[in-house]
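The numbers here are math on the coordinates, done by the rules we state, and not lab data. These numbers come from a predicted model, not from an experiment. For neighbour counting, all protein chains shown are included, and Cβ atoms are generated from backbone atoms with ideal geometry for every residue, glycine included.
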Amino acid sequence: MTAGEKPGAVPESGEPDPARERDESLSRLLGLAQRAGRLAVGFSAVERLVQRGERPLLVLAVDVGPGQLSRIERWTPVNGLVRTGMGVDELGALLGRDKVAVLGVTDPGFVKGIGKLGY
């Protein structure tokens, strides 16, 4: 979603954008997960989860930096990796932060919901 666009807006072509709709659904799930305390936000928070032996589903911004991506790819074990269509600024704004490159979803119900979106 770009600045000034409304959620669910239809592009000028008149056709709904399935990728945008999927990212909007993901945004709603991530907001719920955050309010439920089932979301680790940011590189350090997610890294601590993995170091404690938890297996979060990793949700990455589309423009995560190569250095961070290299470190993230070495985190094991995890419950999967999702690459969103949202950038670090958009993920951050969604969660009330400046920029966010990675999230860790720890609740099996939210992980299942994200899987149903087709990620």
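By the scheme Lys and Arg +1, Asp and Glu -1, what is the net charge of all other residues having a beta-carbon under 12 Å from that of V100? That sum, taken over residues with Cβ under 12 Å, equals -2.
The shape of the chain comes out prolate: with a ≥ b ≥ c from the C-alpha gyration tensor, a/c is at least 1.5 and a/b beats b/c. The value of relative contact order for the range 18-116, using C-alpha pairs under 8 Å at least six residues apart, is 38 percent. Modelled this way, with points 7 Å down the Cα-to-C-beta line, the labels at D98 and Q68 are 1.2 nm from one another. Ordering of 27-36, 14-23 by packing is 27-36, 14-23, highest average first (other Cβ atoms within 10 Å, averaged per residue). Could you work out the local net charge near E47, counting Lys and Arg as +1, Asp and Glu as -1, over the other residues with Cβ closer than 14 Å to its Cβ? My count for the surroundings of E47 gives +3.
With a sphere of radius 15 Å drawn around the Cβ of A36, what net charge do the other residues whose Cβ falls strictly inside it have (Lys, Arg +1; Asp, Glu -1)? Result for the local shell: +3.
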